[in-house]
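Quick notes on the structure that follows.
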Amino acid sequence: MTSLAAALDNALTTATELASGSFPADDPYAVQREVVDLRLARGEKVVGVKLGLTSKAKMQQMGVDSVIWGWLTDAMRIEDGGVLDLGPRIHPKVEPEVAFLVRGGAIAAVAPALEVIDSRWLDFKFTLDEVIADNTSAAGFVVGSWQPVPADVDDLSVQLLIDGQVVETGSTSAILGDPREAFSEALRLAGTLEDDWIVLAGAATAAVRVGPGQSVRVEVAGLGAAALKASS
Ligand code: 0L1
Ligand code: MG
């Protein structure tokens, strides 16, 4: 086990931040796998994968031109309308996404989704290698009702609401031009996608900090909504 994986796992389980630059990471995806294996050793199960940095804005911010990916586990899942426990979080943010359901290595259905990201790095500041090692900041997710994939899934309007107020608006086109591209990237990067896994395609807008007691909702035109409530 690398010292970086151990430090990231400690940051996760104690909700404390690590200072960027503290550890070298020769192979950030190998460290990421170690971090996820520690979660699996505690009884969690892989339920899918997520894509990150799928919008041009986020890629430019990190100075990269390709997506990153990480693992989703059952412990990260929050039921639609359920509670995000802020107790074990450091500085959580929410972002509006779409999720795909996998069957036979292909897309079986789509749903509106929320991702909760919570970097284990101090002040959400990190290098690309560091955020990859940190399982791409994955912390939680909500998936709404599965729907057949509409023909215009590449340009559906998306709204993120906090306590009933719209705080971000965007389009599914912000996700690699077409969120189905994110599914293809997930398949390419993960090598295999198992039946009933969830693929979180990436954010349609910037992420927004979520605080105690806040209600968070994503609305995707034609797909419906998904929601969570942060604990107080
Ligand atoms: O899901 C994401 O796009 C997050 C990727 C990591 C960068 C971040 O934490 O903002
Ligand atoms: Mg995301």
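The values are calculated or read from the model by the stated rules, or taken from the named source; none is laboratory data. Note that the coordinates shown come from a computational prediction; the quantities given were computed from them, not determined experimentally. In this analysis, Cβ positions are derived from the backbone assuming ideal geometry, glycine residues included, and neighbour counts consider all displayed protein chains. Side chains included, ligands, DNA and RNA excluded: accessible areas come from the protein's heavy atoms. Shrake-Rupley method; radii C 1.70, N 1.55, O 1.52, S 1.80 Å.
Laid out as a table, the results:
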read-out	value
Complete set of residues in region 83-135 that are within 24 Å of residue 149 (Cβ to Cβ), of a type in the set (Gly, Ala, Ser) and more than 15 Å from ligand 1 (Cβ to nearest atom)	104, 105, 106, 108, 109, 111
In region 198-232, the residues that are more than 16 Å from ligand 2 (Cβ to nearest atom), open to solvent by less than 40 Å² (accessible area, probe 1.4 Å) and in a loop (DSSP other than H, G, I, E, B)	211, 213, 223, 231
Number of positions in region 162-175 that are open to solvent by less than 20 Å² (accessible area, probe 1.4 Å) and either in a helix (DSSP H, G or I) or within 15 Å of ligand 1 (Cβ to nearest atom) (or both)	2
Given (1) under 18 Å from the mean Cα position of the chain (by Cα); (2) buried (at least 21 other Cβ atoms within 10 Å of the Cβ); (3) more than 16 Å from ligand 2 (Cβ to nearest atom), index of the condition residue 159 fails	(2)
Some residue of region 176-197 being of a type outside the set (S, T, N, Q), open to solvent by 30 Å² or more (accessible area, probe 1.4 Å), within 14 Å of ligand 2 (Cβ to nearest atom) and not in a loop (DSSP other than H, G, I, E, B)	yes
Test: residue in region 147-158 that is out of contact with any strand residue (DSSP E or B) (no Cβ under 9 Å at 6 or more places or on another chain) and without any contact (Cβ under 8 Å) to a residue 40 or more places away in the chain	yes
Residue match in region 117-128 (condition: of a type outside the set (Phe, Trp, Tyr), in contact with a Ser or Thr (Cβ under 7 Å, 6 or more places away or on another chain), modelled with pLDDT under 95 and not in a strand (DSSP E or B))	yes
Residue tally, condition of a type in the set (D, E, K, R) and out of contact with any helix residue (DSSP H, G or I) (no Cβ under 8 Å at 6 or more places or on another chain), over region 139-175	3
Filter result (part of a loop (DSSP other than H, G, I, E, B) and either within 13 Å of ligand 2 (Cβ to nearest atom) or buried (at least 21 other Cβ atoms within 10 Å of the Cβ) (or both)) within region 136-155	144
Some residue of region 14-26 being among the small types (Gly, Ala, Ser) and within 14 Å of ligand 1 (Cβ to nearest atom)	yes
